Structures are given as structure tokens and as C-alpha cells.
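Report on one structure; see the data block that follows.
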Amino acid sequence: MNKKNIVAGNWKMNKTPSEGNRFICDVKNTVKDIHCTEIIFFPASTGLVDIQLDNPFHLGAQNCHWETSGAFTGEISIEMLKECKVEYILVGHSERRQLFNETDAIINKKIRSIQTYNMKPILCIGETIDDRKSGLTKDFLKNQLVKDLEGIDSIENLVIAYEPIWAIGTGETANEEQIYNAHGYIKSVLKKLYPDTNNCPILYGGSVNTKNAKELIQISGVDGFLIGGASLDLDSFISIINDVENFRR
Ligand code: PGA
């Protein structure tokens, strides 16, 4: 009842710093009386500088390197992100896994490093369409969770985003039963791995939009959304925030 839902906007490689700044100001000026929802913006790295946010608004980064510093051309350290007041960092997004060859071992290193800075990783997991069709969704999700969290003692600050790959950017949302089952299964795996932890939020992501947000947030086990396309448009993002806020558990 008192746990806040999360609405996270992953802008991917969209919006220049000035466009992003204006967008955040517009959201801040329009959305009022938010008490039950945490809103997180994930700009590109260039848009993380000089962003001033207070509750219920938070800043997230789309990526990080696990090392503290060094000869890693093009990479950004967690310390650099922390100085920008970043609180959340996306890890294991399917685009990073597929387009940039991020392995579970790399993802595991990132989560460990993020935790040493007391920041919050949002670990994205989700099956391919082939795995779903072959009835391997649960195996796939379990495998990702076990490998990505290997050797990690606590998931106190962890958020999971369940994002079936076939639903990302396709306009094809997972249905209620698929989401309910996947979230319940993820929760049960986490319970086995971390018997003392009950409150790891599980977000749904994959073609969330203004037409489906109201229904999706009502699914038991859904603690919010990770939104790509619809987070780029002011009216859409605000409408989804209001749908989530107005839903009282
Ligand atoms: P989408 O993206 O909302 O555009 O499907 C979701 C994501 O990639 O996190």
C-alpha cells in the first residue's frame, strides 16, 4: 500500500541536452500532487548535467562502466554519474545485450559496482519471441537472473524491469496473463535467491502507451513501467504518470 510505483522514461538516443531540459521542466510544471509515484528520467549521458530534481522526480543513466577510472575511451564511470546526481542506472537493457554484446558477466560487474556507490540498478530482463514460442520463457528469465545476480549479497536497492524483447518498440504489448505470470515467476526466483527480501519492485516495459497504461498498472505484481517511445512525448508521458498515480493499491 505504501510502496511507490515507478514511472521511468528511457529516452534512448533521443533529445539533445536543451530539448531534454525543456521536457523535464515541462513535466515538472505540469504534473502536480504526485504522492504515490516515483518518476525517473533517463536522458542520454550529455543530458545528465545540471538537472535539478526533487521528489517525486529522479535522474537515471542509461549505461555506465564498472571500473572507477582509466583507459576506457568513450565510457562513463559511476562516480561521474553520481556527481550529476544520478540515482538509478539501467543495466542489461536488451538493446545493450543485443547491439553492444553485453554479456551476463558484464552486467553482473556493473550491478556490483553500482551497489558499491549506493546507487540503484534497474536490471532489465526478458525473453525473445523464439524462447516464448518454445515455452522457454521461465528458463530464460531464471537464467538471466541467476547469472546477472551471481555473487550479489543483497538486492535491497535493486529494481527489475521485465521487458519481453518482442514487445520493445514493436507496439505489441504482452497481455495480462503473460505479464502476471512473468512477474510472479520473477518474484518467486528472487525469493529463492534472497529469502529475506520481499520488496524488489518489478516494472513492466514493452510498448507501454497512453491506451494500455491504465490496464497494465492494475495487473498484480506490476510496480510501474519502463517506457521508451511514449516517454518522449510530453502529453503521453504525463498521461501515463497520471494513470499510475491515480491507481491506488
Ligand atoms: P518501448 O521501449 O516502450 O518503446 O517499447 C521500452 C524500453 O526499451 O525500455
Only one of (1) within 16 Å of the ligand (Cβ to nearest atom); (2) under 16 Å from the mean Cα position of the chain (by Cα); (3) of a type outside the set (Lys, Arg); (4) surrounded by fewer than 21 Cβ atoms within 10 Å (Cβ to Cβ) does not apply to Glu156, and that is (1)
Please go through the stretch 41-72 and give me each residue that is over 21 Å from Gly9 (Cβ atoms) and either hydroxyl-bearing (Ser, Thr, Tyr) or in contact with a strand residue (DSSP E or B) (Cβ under 8 Å, 6 or more places away or on another chain) (or both), ordered by number.
His65, Glu67, Thr68, Ser69, Phe72
Checking the condition without any contact (Cβ under 8 Å) to a residue 24 or more places away in the chain, in contact with a strand residue (DSSP E or B) (Cβ under 6 Å, 6 or more places away or on another chain) and surrounded by fewer than 23 Cβ atoms within 10 Å (Cβ to Cβ), which residue from Glu83, Glu75, Glu102, Glu87 passes?
Glu75
Taking the stretch 1-36 as the search range and keeping residues that are touching an Asp or Glu at 6+ places or on another chain (Cβ under 8 Å) and closer than 16 Å to Ile122 by Cα, which one is farthest from the ligand (Cβ to nearest atom)?
Lys4
Does Asn199 satisfy the criteria of being out of contact with any helix residue (DSSP H, G or I) (no Cβ under 8 Å at 6 or more places or on another chain), over 19 Å from Lys28 (Cα atoms) and either of a type outside the set (Phe, Trp, Tyr) or in a loop (DSSP other than H, G, I, E, B) (or both)?
yes
Given the conditions (1) away from the ligand (no atom under 16 Å from the Cβ); (2) assigned to a helix (DSSP H, G or I), report the number of the one that Gln144 does not fulfil.
(1)
Do you know which residues across the stretch 184-215 are more than 13 Å from Ile6 (Cα to Cα), crowded, with 16+ Cβ neighbours inside 10 Å and in contact (Cβ under 8 Å) with a residue 40 or more places away in the chain?
Tyr185, Ile186, Val189, Leu190, Tyr194, Gly206, Ser207
Can you find, within the stretch 211-222, the residue that is farthest from Tyr180 (Cα to Cα) among those that are away from the ligand (no atom under 15 Å from the Cβ) and not basic (Lys, Arg)?
Glu215
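Read-outs: derived from the displayed coordinates by stated rules, not from any lab. Everything quoted here is computed from the prediction, not taken from an experiment. With ideal geometry, Cβ positions are generated from the backbone for all residues, glycine too; neighbour counts draw on all protein chains shown.
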